[in-house]
Amino acid sequence: MEIVHISAECYPVAKAGGLGDVVGALPKYQCKAGHIAKVVMPMYRTKFLYNNEWVVDFKGSAHLGDWLFEYTIIREKTNSLGFDLYLVDINGLLDREKIYGYDDDTERFTAFQIAVVSWMASWEHRPDIVHCHDHQSGLVPFMMKHCFNYRHLSRVSTVFTIHNGQYQGWMDWSQSKLIPAWDDWKTGLLEWAGRINPMASAIKCADRVTTVSQSYMEELFYDANGLESLFDYERGKCVGILNGIDNEIWNPATDTYLDNHFSVKTVTKGKKANKALLCEKYGLDKEKPLFVFIGRLVGEKAAEILPGSIARAIHESGGAASFLILGSGQTDIEWALQQMTGQYPGLYNAYIGYNEALSHLIYAGADFLLMPSRVEPCGLNQMYAMRYGTVPVVRSTGGLKDTVVDMGDPDGYGIRFNHATESDLVYSISRGVSVYQDSAHMEKMRKFMMQVDNSWEATVQKYISVYQGIL
Ligand code: ADP
Ligand code: GLC
């Protein structure tokens, strides 16, 4: 089967969060399973672009409204990621340092999608599946089926995966001129609640809709940022498939970001060495249980409850635990976390920013990982934490519910709570502090969770079955 993935992110080319990890791994494991999977993404100015060799695969032009733009498709020469990687270069529009966050993101990603569809329309053959990820490629199924220029792609099957239903790519009707001419009768397929909604359009137009865990799929029927009734209507084509993790990259025995490697057998010693290094770097007391947070500092992750919860946990426990934050996002949350550094010497520190290498050391050196998320479609952090013997402390929602078993249950290895509130989080931290005193229990949980199979190998077949169901 030939599968073309279209995405705004793909690790290690460009990553802002879990979408990058998934699109960097799923195609690789699809190729390993004997299929031909490819990834097409925008050409940003990233390290990966400059450190690799590229060949020009195609040059074309297309219209974005009245503007005739030229685009170039380049392909990475050596297949170093385990699949064919194509970048779309649109001069001045995509070749920037950041992935998102520009005023003209709508124009950027619309032009990206137009270029990808125009390019695919020029192929002599048709791929079996076009697999779109999140709203930045949400207009593709509509364009392939209903835009006059691309009609001969209309019979190619499309799959749309929702990694995050909160962001839908809304556009005003005044921006409709950006989309290539379409069959007027089909206008309703672009619309939701009076606006153009690329995510809603993909849900309506794709042959199958997947999301990244079973529990999140169920949540979307009653909590989907306005799309609940659409999910209900399209229920028949929706399926939840839990993400995997790339065990080749996320392996504490071989992780290239770590100096101190460890396996299930050597987990206690290995984590101790990584923790010592981490605590030394960030001025933390290595004798205390270390609670960490890694992620986007936004409401979805309930990041704004971190400063208050940490302060309370430190006071209420008499300084029995230490904390380290790695994250970036909303400036008010960044500020609150930053200004606490220095207030609790030896017990608290924060790195505000994005740092891939540090994230690996933190997973390896921490004792507990905090994820109070309000919304968590899947969550990869808790699975990485488990692989590195770090106890996940999570709110029972979405993928967190599907991957973490509370230590009070048989074979449990994590801590779960129900509300994204300071009280629930502080109480869960106190449960962590208590269990940390019992080193035999900690070791047993660590060894158990490290062996839970969250690999892509185990998951990839579920996507293949979805594709086969359409073909
Ligand atoms: P989301 O995609 O919603 O941000 P996930 O849990 O699926 O959440 O994935 C987050 C990914 O991004 C993980 O690989 C995590 O380690 C990484 N990450 C998040 N924030 C940072 C940061 N500040 N520095 C390094 N890695 C980060
Ligand atoms: C999204 C979600 C996250 C998920 C990731 C990869 O960013 O917020 O929960 O793990 O996509 O699917």
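In this rough spin-label picture, where each label sits 7 Å from Cα along the Cβ direction, the residue 126-residue 457 distance is 3.6 nm. Would you tally the net charge around residue 401, using a Cβ to Cβ cut-off of less than 9 Å, leaving residue 401 out, and scoring K and R as +1, D and E as -1? Residues close to residue 401 contribute a combined charge of 0.
Heavy-atom accessible area for residue 46, with the other protein chains in place and a 1.4 Å probe, reaches approximately 20 Å². Based on DSSP H runs of at least 4 residues, each adding -39500 (n - 2.57), what is the mean residue ellipticity at 222 nm of the chain after dividing by all its residues, to the nearest 500 deg cm²/dmol? It comes out at -10000 deg cm²/dmol, rounded to the nearest 500.
Which FRET efficiency value, to the nearest 0.05, is calculated for residue 409 and residue 32 with the Förster distance at 35 angstrom and r the Cβ-Cβ distance? With a Förster radius of 35 Å, E is 0.55. Note on the range 64-107 and the range 415-471: Cα centroid distance 36 Å, given to the nearest whole angstrom. Modelled spin labels at residue 195 and residue 225, positioned 7 Å past Cα toward Cβ, are 1.0 nm from each other. Simple point charges give the picture: +1 on the Cβ of Lys and Arg, -1 on the Cβ of Asp and Glu, and for the range 267-450 a dipole about the Cα centre of about 480 debye.
What ³J(HN,Hα) values, in whole Hz, does the Karplus curve 6.51 cos²θ - 1.76 cosθ + 1.60 give for the range 129-145 when θ = phi - 60°, with x put for Gly and Pro? Here the 3J(HN,Hα) series is 9, 10, 10, 9, 10, 6, 5, 5, 10, x, 7, 4, x, 5, 4, 5, 8 Hz. A Förster radius of 35 Å, combined with the Cβ-Cβ distance separating residue 331 from residue 152, puts the computed FRET efficiency at roughly 0.15.
When the Cα positions of 30, 194, 14 are compared along the charge dipole of the chain, 30 comes out farthest toward the positive end, with charges on each C-beta of Lys, Arg, Asp and Glu.
Less than 5 angstrom separates the built amide H of residue 416 from those of 394, 407, all sequence-distant by 5 or more or on a different chain. Between residue 2 and residue 218, full extension at 0.36 nm per residue minus the direct alpha carbon distance yields a gain of 74.8 nm. Scalar couplings 3J(HN,Hα) for the range 390-397, obtained by applying the Karplus form with A = 6.51, B = -1.76, C = 1.60 to θ = phi - 60°, are 9, 6, x, 10, 10, 7, 6, 8 Hz; x denotes Gly and Pro.
For the set 192, 182, 173, the ranking by accessible area, highest first and with no ligand, DNA or RNA atoms included, is 173, 192, 182 under a 1.4 Å probe. Net charge of the neighbourhood of residue 418, taken over other residues with C-beta under 13 Å away and scored Lys/Arg +1, Asp/Glu -1, is +2.
Would you mind pulling out the separation of the Cα centroids of the range 218-271 and the range 155-215, in Å? Centre-to-centre (Cα) distance: 25 Å. Remark: the residue 357-residue 315 segment gains 12.0 nm on full extension, using 0.36 nm per residue and subtracting the alpha carbon distance.
The length gained by stretching the chain between residue 186 and residue 444 to full extension, at 0.36 nm per residue less their Cα-Cα distance, is 87.1 nm.
Remark: spin-label model distance residue 51-residue 80 equals 0.7 nm, labels positioned 7 Å along the Cα→Cβ axis.
Remark: for residue pairs 38/59; 28/186; 15/38; 32/98; 38/271, the C-alpha separation exceeds 25 Å in 28/186; 32/98; 38/271.
For the range 199-257, which chymotrypsin sites (Phe, Trp or Tyr not before Pro) pass both filters: DSSP loop (anything but H, G, I, E, B) and at most 10 other C-beta atoms within 10 Å? Sites meeting the loop and neighbour criteria: 222. If you add up the charges near residue 151, with Lys and Arg at +1 and Asp and Glu at -1, over every other residue whose beta carbon is less than 12 angstrom from its beta carbon, what do you get? So the surrounding residues net to +2.
The values are calculated or read from the model by the stated rules, or taken from the named source; none is laboratory data. All values reported here derive from a predicted model rather than from experimental measurement. As a convention, Cβ positions derive from the backbone with ideal geometry for all residues, glycine included, and neighbour counts pool all protein chains shown. The protein model used for the area step is the full one, side chains on, heavy atoms only, and it has no ligands, DNA or RNA in it. Shrake-Rupley method; radii C 1.70, N 1.55, O 1.52, S 1.80 Å.
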